[in-house]
Structure formats: structure tokens, C-alpha cells
Amino acid sequence: MRRWRGLENLPGGWGRCVLTIGVFDGVHLGHQSLLRRARELAAERGLPSVVLTFDPHPSEVVRPGSHPAQLTTLRRKAELVEQLGIDVFCVLPFTPELQHLSPEVFVHELLVDKLHAAAVVVGANFTFGHKATGTVDTLRELGGKFGFSVEAAELLSSRPNGDAGVTFSSTYIRSCIDAGDIAAAAAALGRPHRLDGIVVRGDGRGRELGFPTANLSLPRFAAVPADGIYACWFGRAGSTERERAAVSVGTNPTFSGKERRVEAFLLDSNEDLYGQRVHLDFVARVRDMERFDSPEALIETMHEDTRRTAEILAADAANG
């Protein structure tokens, strides 16, 4: 998969393409359905498939300080899009200038003049242009004018007919993660929620208790689950190997902690991971965060946490 940032230096001789547009945070099941349709349509027409996404999140430019929790880093988003067979991953810097483009100018300058779209696939609730005044109907009208077709995919829900179910959206998944319901988040994502980070030095208290942990420094807007203990798969950048980990999210109330941290105890290794880029895939919530009356009571519970984590991950591995 080719990866571009901006549209200033498109390859010479770039022809027509099938395009899909969106933030695609999380690349959840709804996004995946949309991307597969774009890939299928591109294959039918013998054209490359292109994902056009934005960085930073548009809300941060439109309403500074309102950036939502981020389900996937840009790097992870590109990896997931590539796994779905898309040919080009194009990141468009979302600037105040881009924000103020009218729907007509957005389509003419970017989709037609630059990307030469032959077909555009979007979600049924897609909006674009200044103040989100462009809709799917607007896009269809402009497509008729400029010579590209438009497909609008219905939103995917947890029920085939959408009744009494949940519509999969990035907003819904963020709410699940914020509540610690990582099982519901995984059901909408089609995989466990992942946190990417770099291992940094902690205060060493875990090692003193017999449970040395890897303390993760996370991206600024990372979607961190609610405080608690979780069973996770731990992985390292550039490796497909995964290791078992019991992960603490919270402030460590037993020791009057104030800084919210994500700390991973590896069940099968005590290697010093300082400086390594790693990730955590959240499989299940083990328990809520608690304050204990003594370190001994905490240690006893931590032994139980690791036992439960081992059971959960064994079952997860057995289920593929």
C-alpha cells in the first residue's frame, strides 16, 4: 500500500481512482464494510482504491480543545487499512483553510482536479465542506456535474435490520471504552481495543512488591479504558509475538497516587523494556480499581489478578 501525506506531490500520470473519505478512527466494523466496498468497486473498474483521511481530527480545528479520545493512532490506522487491501492511504492535513472550503470547492479542487475520482464511497451520514453543509445528496449532485458516481453505505449495526441494536460508530466505541466495557468495544471494532505507547521509567513500586511493571507513555489523546485491572495481550513494535499481561489503569489509590497510569505486568517475563515501543490489546476487565488497607492485601489480590488473567487469556487463545 502506498502512503501519501497531502496532495501536492501525487505521482506523475496519476489516473482515476475509487475514493472513500472519512476520519475512520478505530477502523471499526462499519468502516471495514465501507472500505471493502470501495475495494470491490475499484477491482470491478480496474482502478486503484484510495482512502482519504484527515490529521489532526477535524473537531480539533473546528472547535479547539474538543479533540475526541483517539481509538487508533495514524500509524495503526494505516496498518488496518492496508490489511483490508486498500491501495493508497492518503492523509490530508486538516487546516483552517481546508475547514473553510465550500462543498463545491472541496469536491472540485481535491476529488476531481487532484485525485481524479471516478467513484466515491461514503457512509450514509457523510458530511463535508464548510460547517458540514455538504451531504450525500450534495455529493451526488456534484458527482453528476463532474463525472463521478457516488455510493452511500448504510450504517452497520449489531442487528441486521438495525432495530433494537447498536449502530457501530467511533463515538459509541469511545463511550464503551470510557466505561471500561471493552467487550462491547471489541464487538464493534471486530478486534480488541489497542493502546500503543513507549515504556518509560516508573517509580519502581511494582518491582518492590514482586510485580515489576512496564509503565506506558501514551499518545496525547489515547482512548484509555476506565480505571481497573485488565487481561491484555502485550506486543512489541515490529514483532508478531504476543505475551500475557495483567494491566493496571488508574492512580494506584493504595499508595495515594495522583497520576493516572497504564502499567503492564508481564506474566512470563521480567525483562527491562525501557524505551521500547509496545502495545496492549485489551481482552477483558478483571476487576475495578480498589484501595487496599495494606501492601500485603494488595499483593494477595495481585496474585489473584494474575491467575484470572492467565485463565482469560488461555480461553481467548483457544477461541482464536
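Within the stretch 132-139, does at least one residue satisfy the condition of being farther than 25 Å from residue 27 by Cβ and surrounded by 14 or more Cβ atoms within 10 Å (Cβ to Cβ)?
yes
Which of (1) closer than 18 Å to residue 189 by Cα; (2) touching a Phe, Trp or Tyr at 6+ places or on another chain (Cβ under 6 Å); (3) of a type outside the set (Asp, Glu); (4) crowded, with 24+ Cβ neighbours inside 10 Å is the odd one out, the single condition residue 26 does not satisfy?
In the conditions (1) closer than 18 Å to residue 189 by Cα; (2) touching a Phe, Trp or Tyr at 6+ places or on another chain (Cβ under 6 Å); (3) of a type outside the set (Asp, Glu); (4) crowded, with 24+ Cβ neighbours inside 10 Å, residue 26 misses (2) alone.
So which pairs qualify, if the first residue must be in the stretch 296-320 and over 25 Å from residue 241 (Cα atoms), the second must be part of a helix (DSSP H, G or I), the Cβ gap must be under 6 Å, and the two must be at least 6 apart or on different chains?
That search, which allows pairs on different chains as well, returns 298/254.
Going through the stretch 197-214 one residue at a time, which ones are at pLDDT 95 or above and either surrounded by 19 or more Cβ atoms within 10 Å (Cβ to Cβ) or at positive phi (or both)?
Of everything in the stretch 197-214, those that are at pLDDT 95 or above and either surrounded by 19 or more Cβ atoms within 10 Å (Cβ to Cβ) or at positive phi (or both) turn out to be 197, 199.
Given the options 85, 65, name the one that is on the phi > 0 side of the Ramachandran plot, assigned to a loop (DSSP other than H, G, I, E, B) and touching a residue at least 12 places away in the same chain (Cβ under 8 Å).
The match here is 85.
Name the pairs whose Cβ atoms lie under 8 Å apart, with the first residue in the stretch 126-153 and more than 21 Å from residue 16 (Cα to Cα) and in contact (Cβ under 8 Å) with a residue 60 or more places away in the chain, the second assigned to a loop (DSSP other than H, G, I, E, B) and hydrophobic (A, V, I, L, M, F, W, C), and 6 or more positions between them or separate chains?
These pairs meet every condition: 153/124.
From 53, 20, 72, which residue is hydroxyl-bearing (Ser, Thr, Tyr), assigned by TED's automatic domain parsing to the domain that holds residue 128, modelled with pLDDT of 95 or more and in a loop (DSSP other than H, G, I, E, B)?
After applying the criteria, what remains is 72.
Taking residue 60 and the conditions (1) in contact (Cβ under 8 Å) with a residue 60 or more places away in the chain; (2) closer than 24 Å to residue 176 by Cα; (3) of a type outside the set (Phe, Trp, Tyr); (4) assigned to a helix (DSSP H, G or I), which numbered condition does it fall short on, given that it satisfies the others?
Just one mismatch for residue 60, condition (1).
Residue by residue, here is whether (1) among the small types (Gly, Ala, Ser); (2) surrounded by fewer than 13 Cβ atoms within 10 Å (Cβ to Cβ); (3) at pLDDT 90 or above; (4) not assigned by TED's automatic domain parsing to the domain that holds residue 214 holds:
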site	(1), (2), (3), (4)
254	no, no, no, no
266	no, no, yes, no
281	no, no, yes, no
288	no, yes, yes, no
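Against the definition (crowded, with 17+ Cβ neighbours inside 10 Å, hydroxyl-bearing (Ser, Thr, Tyr) and either in contact with a Gly (Cβ under 8 Å, 6 or more places away or on another chain) or under 25 Å from residue 149 (Cα atoms) (or both)), how does residue 73 come out, yes or no?
Against the criterion (crowded, with 17+ Cβ neighbours inside 10 Å, hydroxyl-bearing (Ser, Thr, Tyr) and either in contact with a Gly (Cβ under 8 Å, 6 or more places away or on another chain) or under 25 Å from residue 149 (Cα atoms) (or both)), residue 73 does not qualify.
Is it the case that some residue within the stretch 36-44 is assigned to a helix (DSSP H, G or I), surrounded by fewer than 21 Cβ atoms within 10 Å (Cβ to Cβ) and of a type in the set (Gly, Ala, Ser)?
yes
Among the residues of the stretch 108-134, which ones are at positive phi and either part of a loop (DSSP other than H, G, I, E, B) or modelled with pLDDT of 95 or more (or both)?
116, 129, listed by residue number.
Return the total of residues in the stretch 135-150 being assigned to a helix (DSSP H, G or I) and hydroxyl-bearing (Ser, Thr, Tyr).
Result for the stretch 135-150: 1.
I'd like to know if the stretch 152-171 contains one or more residues that are in a helix (DSSP H, G or I), hydroxyl-bearing (Ser, Thr, Tyr), touching a Leu at 6+ places or on another chain (Cβ under 9 Å) and closer than 22 Å to residue 61 by Cβ.
Within the stretch 152-171 (the criterion being in a helix (DSSP H, G or I), hydroxyl-bearing (Ser, Thr, Tyr), touching a Leu at 6+ places or on another chain (Cβ under 9 Å) and closer than 22 Å to residue 61 by Cβ), the answer is yes, since at least one residue qualifies.
Step by step: first the residues of the stretch 61-96, then only those that are among the hydroxyl-bearing types (Ser, Thr, Tyr) and within 20 Å of residue 31 (Cα to Cα), then the one that is nearest to the chain's Cα centre (by Cα). Which residue is that?
So, considering only residues that are among the hydroxyl-bearing types (Ser, Thr, Tyr) and within 20 Å of residue 31 (Cα to Cα), the one nearest to the chain's Cα centre (by Cα) is 72.
The values are calculated or read from the model by the stated rules, or taken from the named source; none is laboratory data. Worth saying up front: this structure is predicted, and the values here are computed from it rather than measured. Cβ: placed from backbone, ideal geometry, glycine included. Neighbour counts: every protein chain shown.
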